[in-house]
Structure formats: structure tokens, C-alpha cells
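Comments concern the structure below.
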Amino acid sequence: MASTSLMTDFPELAHLSREDLEDLLNDPQYFQCIFQSLDKVKALYQAQAELGMANESIANNNLCLQERLYQLRSETKDAFDDAKSLEARWKELEREQKEVYQRFNPQFLLLRLRHATTAQDDESEVLASSFVSSFSDASPSTNSSGKDIDQFVKEFKELRKLYHKREMWSERWTSGQVHWRDD
């Protein structure tokens, strides 16, 4: 039964006698000669050779693309490094922007206004004290001219005017009459 299935699978061996088949099993060189002469084996070797040539063609094509691939890889790495650098710069700029915007934050601006109002009040008081002390230190024979008094009144009036404007803005702000837009 085994020989029938052998003859069905390999009809090329049907013409061999029993002695030839036994020689085929006992002689490896004879086996190789017969084996390699079979149509199925030839077709298999042919397919293997075609696949080998196709692989070689693909490998040669890949070698041709290799330099461009390395160049693209290098460009991609450079672009990635640039992107990382720009991302770090972006974070730095965001931090700087936040610091700048914080100076224009309504609470910070109100605080600055209050400090400026206090400083303006102090400056006008120093001017007034200086003027009064110049009169008290002066001898009765040396009186300040009307020009000095006019100059003092003008400067003091400007300082107090700015102080009162700031005081009004501060009051309006704290009473909710000042509205900030975010645009």
C-alpha cells in the first residue's frame, strides 16, 4: 500500500524497479540524483531561486535607500531636538508672560495705586514740612519773598491734586466701580 501511495505522489518513480528503489534507499548519491531530477523538487528549487533573487533585489533597493534613510533619520532627530528646545523656550516664555501679566493683575495694580497714594501723601507732607521749617529757621530780617510762597503753593497744590485723584480712584476701585476687561 505504501508503494501505491508513493507512486501516486511521485509518478516519476513508477518506472523504477524494486531493486532500483532499494538502491535508492541505500545509496545516498543515487538518492540525491533521483531526488533532484523530480519535477516537484525542481519547481521547489526554482521557486527558492526566484525568492532569493527577489530578496536580493529588495536588499539592493534597500541599500540604495539606506543613505536617504540615514539622512531622514538625522533630519528627524534634528527636528525633534529643535522641537524639544522650542518647547523648553515656550515654557520659559509662558513663565515670563505670567510674571509680566501678574504686574497688570487687578489686585497688584490696586496695591501699586495704594502705595503710590501713600508715597504722594508723604512727598507733599515733606514739601510742606520743608517749607514750614524754612520759615521757622529764617531770621526775622530775612523773609521769604512772595515768589517762594507762590512756588510752594503751586508745587504743593499739584502734589495734593495727584494725591486726591489717586485716593478717588482707590475708593472707586474698592467700591466696585472699576471693571477690568480681560481682552
Spans of helices (runs of 4 or more DSSP H) in the stretch 1-109 with at least 1 residues within 60 Å of the chain's Cα centre (by Cα), among the charged types (D, E, K, R) and over 30 Å from Gly176 (Cβ atoms): 39-102
Can you name every residue in the stretch 93-117 that is free of Cβ contacts under 8 Å to residues at least 24 places away in the same chain and in contact with a Lys or Arg (Cβ under 9 Å, 6 or more places away or on another chain)? Arg103, Leu109, Arg112
In the stretch 132-165, what count of residues is obtained for those that are within 30 Å of Arg112 (Cβ to Cβ) and at pLDDT below 90? 0
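The values are calculated or read from the model by the stated rules, or taken from the named source; none is laboratory data. Not measured: the values here are computed from a predicted model. Because the Cβ atoms are built from the backbone with ideal geometry, glycine has one as well, and the counts that use them run over all protein chains shown.
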